[in-house]
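Inspection log for the structure reproduced underneath, given as structure tokens.
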């Protein structure tokens, strides 16, 4: 008994790409995992003998904290911007699970436009031990980002709104509002700001 093939019609996914310029409202502090830190963690997990603590080199620590784009420029992980937007769903009456699949940033690293300067911070690590960290800070910064959306699930206006809410209430980088800080806040540039 033969059965007739049934044609399946799939509705097209309405993919749109929207470009935004994020403008910093507070300094952006970046802190990439250095190769040295990754090696030390791996050595500890592999139960290798530890060496005496090396002398601190503030300039080397500062340089190791940069995220770099493929061209060697200053960067910031795209997933950090998406994570801020997902977190902002709590303030925008959107379901996080829906948002995770409704838009994507097709990049690993986004360009940071701005000039960094070194900063020195006292931090608590491990069992409350104090340490000094040397990290890059961008006082004035911009990040261009292109976001692909499924327009049948989320509108360009909702995405822009999520970005603005993320910039105000969540932030990106170290000591952002989501982590009880005040750094890494941003807003979506207006058309007048994009031209400047």
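Every number in this text was worked out from the coordinates using simple rules, so none of it is lab data. All values reported here derive from a predicted model rather than from experimental measurement. With ideal geometry, Cβ positions are generated from the backbone for all residues, glycine too; neighbour counts draw on all protein chains shown.
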| query | Hey, what angle do you get for helix 156-169 against the long axis of the chain, alpha-carbon based, 0 to 90 degrees rounded to 10? | reply | 20
| remark: Here, residue 182 and residue 115, labelled 7 Å along Cα→Cβ, have an inter-label distance in nm of 2.5
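Take the Cα pairs of region 123-190, get the Kirkwood Rh, then feed it into Stokes-Einstein at 4 °C and 1.567 mPa s and tell me D in µm²/s.
Values: Rh = 14.3 Å.
This corresponds to a translational diffusion coefficient of 90 µm²/s.
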| Using the Kirkwood radius built from alpha carbon pairs, what does the Stokes-Einstein equation give as D for region 50-145 at 4 °C and 1.567 mPa s, in µm² per second? | 80
| task | With everything on Cα atoms, drop me the angle between helix 35-45 and the longest principal axis of the chain, reported from 0 to 90° to the nearest 10. | result | 90
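Taking the chain, how much of its Cα-Cα pair set, in percent, is spaced more than 21 angstrom apart?
Numbers: 11335 of 19110 pairs.
Distances greater than 21 Å cover 59 percent of the Cα pairs.
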| request: Starting from the Cα-Cα distance between residue 19 and residue 3, subtract it from 0.36 nm times their residue separation and give me the gain in nm to one decimal. | output: 0.9 nm
| remark: Under the helix-only model (-39500 (n - 2.57) for each DSSP H run of 4 or more, divided by the residues of the chain), the mean residue ellipticity at 222 nm, to 500 deg cm²/dmol, is -9000 deg cm²/dmol
| said: Using only Cα atoms and rounding to the nearest 10 degrees, what angle (0 to 90) does helix 78-92 make with the longest principal axis of the chain? | reply: 70
| message | Could you sort the peptides 82-89, 170-177, 127-134 by per-residue average Cβ neighbour count (10 Å cutoff), highest mean leading? | response | 170-177, 82-89, 127-134
